[in-house]
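What follows is a set of notes on a single structure, which appears directly below.
Rule-based calculations on the coordinates, nothing more; no lab input. Values in this document were obtained by computation on a predicted structure and should not be read as measured data. Note that each Cβ is placed from the backbone with ideal geometry, even for glycine, and that neighbours are counted across all protein chains shown.
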Amino acid sequence: MSRILEEAITVVSAEHCKGCGLCVQACPQAVLALMSSFNSKGYHPAHYVGEGCTGCGMCFYACPEPAAITVYKKGAEYPDQEGR
Amino acid sequence: MAKLILEKPKGFCDSYERKPGDHGTTHYCPGCGHGNIHKLLAEAVEDLGIQDRTIIISPVGCSVFVYYYFATGNIQVAHGRAPAVATALKRANPHAIVVSYQGDGDLAAIGGNNILQAANRGEHITVIFVNNAIYGMTGGQLAPTSLLGMKTATTPYGRDLLNEGPPMKVVELLSSLDGPTYLERQAIMGNKYIARARKALRNALQCQIDGKGFSMVEILSACPSGWKVDPTDSYAWMEKNMLPHFQLGVTKDVRAEREPFFRTFKTLSAAEIVEQLDLAVPEPKHFPSKLQKTGYGDPSIKLAGFGGQGILSAGAMLANAGMEQGLQTSWIPSYGPEMRGGTAYCFVNLSERPIGSPTVSHPDVLMAFNRPSLEKFEPDVKPGGLLMYDSTIIDVKPKRGDIEILAVPATQMADDLGNTRMANTIMVGVYVAHTGIMSPAAIEQTLPLAIKRKNLVDANKKALRAGVDFAATL
Amino acid sequence: MAKEFIKGNEAIVKAALLAGCRSYYGYPITPASEIAHAAAKYFPRVSRTFLQAESEIASIQMVYGASASGERTMTASSGPGISLKQEGLSYLAGSELPCVVVNIMRGGPGLGNISPAQGDYNQIVKGGGHGDYKVIVLAPNGAQEMCDLTMLAFDLADKWRNPVILLADGFIGQMMEPVEFPAPVGDLPAKPWALTGEKISRNNLINSIYLDNDELEAHVGHLAEKYARITEAEVRFEAYHADDAELVLVGYGIVSRIIRTVVDQAREAGLKVGLLRPITLFPFPTRKIGELCESAAGFLAVEMSTGQMVDDVRLAVNGRLPVHFFSRTGGNVPTVEEIFDVVRQHLSAAQPV
């Protein structure tokens, strides 16, 4: 199932994230944060707090890990099964 | 229209199958700027529609494994040599977009001359120069771009101006050259800087796509592990330590002035190749051997004199004609220490049989064109052999009694003909006619092959005939 | 096709172009510079690439790039320059990239001199670069072979995906002899592994790094197995009056020409002397030397070095017969008389008392 987004969403892949925190630093809306839990590599992965994303993409370009962050802007087709 | 989804660009492999272990993430440390720059490159390759024709060069250093990640043509090269490899890749494949991805040690230290020369030649390549002021892969040693006072594994007390000198400013250095087209320095150091770096990288690639010549972007990039700072502190570190020394911006941009150039190659037919290689000469005319006197066959001939007397070309006349005559021939110039002391000589062999040693200690024939040659080589002539000397300028007489001796006033004869430089040809004419080793016509036919200045061919034919006539008087 | 009276160094260039070589990346050095001069003249004439690189180091890396793109490519130099090319040769061998490199040997070590010598044998034949690798080595002994073996070198390089080195000396390079040039070769073998900047080659990788120990061991094993096949398939030599010789002289390049005259003179004098001339130095004619051990009483290796090829003769003889050695160095070429004297000594010493 997918849907057209009315609000932007940033998705962080916890298994790709190395917890460097650059996305958290880059986010103008301060809607990204490092989790207190660990991923399988022992990093505290970043995550989207759930609301407030404007889809600016700053976190995407700040993130050094190619597959860690995906930004769905308003109007994008969003695959629901990935959402959380 | 701006993309609605920002995701891992298609310039990357879906899965990094070439990477051992985890195929999903890069090998870089957390917060390493290489990952950001990789993303900018992969995104640009996708957006510019050049993925099929892009070849990315992996250097030595942390980015040695660039080829793990990019779904493009990939080649891994020796430390610092990427600009040289890129030069040939691009010349061989003018259609390809060749990207040399290099770090500071690779590009500015061991490969310093390679980048300088490739830039100066204006090679149509794009260089991405990642400057993080340190060697990462090898364990945090000094780079040419390390900052003054910076502590590294090989500057444990800090970079010292009087020991290692100041950090090297590469784009400024290359901007002093006329060759490059587009040079810019940017930084991965926060949102606005990343946007500028993204634009610079695209400009650099577009420069190559447009056939405008050499482009390079130096990108200041974080190495939190090497700098021993947290990733989130690394941008502040760069701003404080790197920006004062490495100013951002375009240092050279002459894209508008450069005419687009795309190298092309023609495919020549076999016949055209043969012609262009000067191999399309007519079949050789063979002159019947007319050895008139026995005892002169299969000679090894030494010609000796001053440089400038035409010693080597006289030898070449004999050898070329010998070949036309159907003989085995060889010609070897004096070479190496023998050339000292102003005596030039060459050896010519003319033989019915395959020629073994092209030089011999005891030649059958010596043609001496100056006194030192006569004095030095007369004793070497094989007993029963032939010694010819230029009696105009050699004021001593040969001493041997066991060899045939011909005094030829070659320089005087040449002077009478109007050019003293043709004494060599006269001597050849005398030799050929006297021994009957080959037809004088063979020499005449092949004179143009041995005489570089074509306007002298006719005069030399006259000299040859004068030599032949002189032989008849002996 | 024309027969041309031509310097060995220049014959190399025409032969390379006839063999379909598309690029020459060089750097000047005596006594190999005529190769660069002729290449600069003729490569552009047939719409091919000539570039004088900034260094020998760069020129071999340009060869690496050109070879990776699938074209026939070459460089040439002499001793000091060849030393600088060793880094690239190791990478070329490791990445299995075909190319032709010419070494017109001069006197060494260090700057030495510009006279002919054979002191680079170990560097070339035993591998002057790092790691477990081999290059195929061809040793011409005249201008015709400068042509023929250059053309063969390109074929062998492509056939085995390996660098091939033409190992000559200043004498062979400077000497002019008649050369019959063959017609230009037509179609060249396809190279599906190459990087051509096209969709079809997008997944290709040219590489010599294998970080995983077992992967690298497999790669090195693959190379060793290839070298073993080359050893089986590509040995070339010339045997001249060798099969009934009491004393077999072994020499390559210009030395083999001088030995040939020694053999002729010795045979005229009733002495049973022969010549074995390796044309390939790797692979070395080890088996032929083993066969000659059955008929000969000894070997005499002659070199313009203090003794490098002679080690390979000794390995091939494996203690079965005496292996004598004679050399001149420093740019001096042994004379017929010198060698003949040594031959006489060894033959008379071999006579029963």
For the stretch C:127-178, with only Lys/Arg (+1) and Asp/Glu (-1) charged at the beta-carbon, what is the dipole magnitude about the Cα centre, in debye rounded to 20?
220 debye
Here, chain C modelled as identical Cα point scatterers in vacuum has Debye log10 I(q)/I(0) at q = 0.08, 0.09, 0.10, 0.15 Å⁻¹ of -0.39, -0.49, -0.60, -1.25
Rounded Å value of the spacing that divides the Cα centres of the stretch C:304-346 and the stretch B:56-92:
46 Å
Roughly speaking, what is the centre-to-centre gap between the stretch B:360-383 and the stretch C:85-130 when only Cα atoms are used, to the nearest Å?
38 Å
Among C:M62, C:L156, C:A233, whose Cα lies farthest out toward the positive end of the dipole of the stretch C:3-233, if unit charges sit on the beta carbon of Lys, Arg (+1) and Asp, Glu (-1)?
C:M62
Nearest 500 deg cm²/dmol is fine: what mean residue ellipticity at 222 nm does the protein assembly as shown get from its DSSP H runs of n ≥ 4 alone, each adding -39,500 (n - 2.57), divided by its residue count?
-10500 deg cm²/dmol
Place a +1 charge on the Cβ of each Lys and Arg in the protein assembly as shown and a -1 charge on the Cβ of each Asp and Glu, then give the dipole magnitude about the Cα centre in debye, rounded to the nearest 20.
1320 debye
Any chance you could give the angle, 0 to 90 degrees and rounded to 10, that helix B:457-472 forms with the longest Cα principal axis of chain B?
30 degrees
Two-site label geometry, C:R45 and B:D160: point separation in nm, points 7 Å out along Cα→Cβ:
5.9 nm
Number of Lys pairs in the stretch C:3-233 with C-alpha atoms less than 24 angstrom apart, excluding same-chain neighbours closer than eight positions?
22
Note on the stretch C:238-350: alpha-carbon gyration tensor, axes a ≥ b ≥ c; rule is a/c under 1.5 for rounded, else prolate if a/b larger than b/c, else oblate; result rounded
Helix B:82-92 vs. chain B, principal-axis angle (Cα, 0 to 90°, nearest 10)
70 degrees
Using alpha carbons only, how many angstrom separate the centre of the stretch B:222-283 from the centre of the stretch B:138-178?
22 Å
From fewest to most C-beta neighbours within 10 Å, the residues C:F340, B:F214 line up as C:F340, B:F214
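At a Förster radius of 60 Å, what calculated FRET efficiency corresponds to the Cβ-Cβ distance of A:S40 and C:K126, to the nearest 0.05?
0.75
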How fast does the stretch C:147-300 diffuse by Stokes-Einstein, in µm²/s, taking the Kirkwood radius from C-alpha pairs at 10 °C and 1.306 mPa s?
83 µm²/s
Given the options C:V101, C:V317, C:V13, state which has the largest fluctuation in a GNM of chain C using a 10 Å cut-off (strictly under) for Cα springs.
C:V317
Debye sum, Cα scatterers, chain A, no solvent: what log₁₀ I/I(0) at q = 0.14, 0.18, 0.23, 0.24 1/Å?
-0.42, -0.70, -1.09, -1.17
Three-way shape label, the stretch B:300-472, alpha-carbon gyration tensor, a/c 1.5
rounded
Fewest-first ranking of B:E172, C:E34, using other Cβ atoms within 10 Å as the exposure measure
B:E172, C:E34
Just going by the charge dipole of chain C, with Lys and Arg at +1 and Asp and Glu at -1 on Cβ, which of C:M74, C:G274, C:I339 is farthest out on the positive end?
C:M74
So how strong a dipole does the stretch B:300-472 carry about its Cα centre when Lys and Arg Cβ are +1 and Asp and Glu Cβ are -1, to the nearest 20 debye?
340 debye
Taking the Cβ of each residue in B:I219, B:I394 as the centre, tally the other Cβ atoms inside 10 Å and list the residues starting with the fewest.
B:I394, B:I219
Does chain B classify as rounded, prolate or oblate by the C-alpha gyration tensor (a ≥ b ≥ c root eigenvalues; a/c under 1.5 gives rounded; else a/b over b/c gives prolate, otherwise oblate)?
prolate
Of B:A463, B:S391, C:V137, whose Cα points farthest to the positive end of the dipole of the protein assembly as shown (charges on the beta-carbon: +1 Lys, Arg; -1 Asp, Glu; origin at the Cα centre)?
B:A463
Over the stretch B:1-116, what portion of Cα pair distances is larger than 21 Å, expressed as a whole percent?
38 percent
Based on the Cα coordinates of the protein assembly as shown, what is the per residue volume of their convex hull in Å³?
199 Å³
In square nanometres, what is the average projected area of the Cα convex hull of the stretch B:33-253?
10.8 nm²
Angle in degrees between helix B:311-324 and the longest Cα principal axis of chain B, rounded to the nearest 10
80 degrees
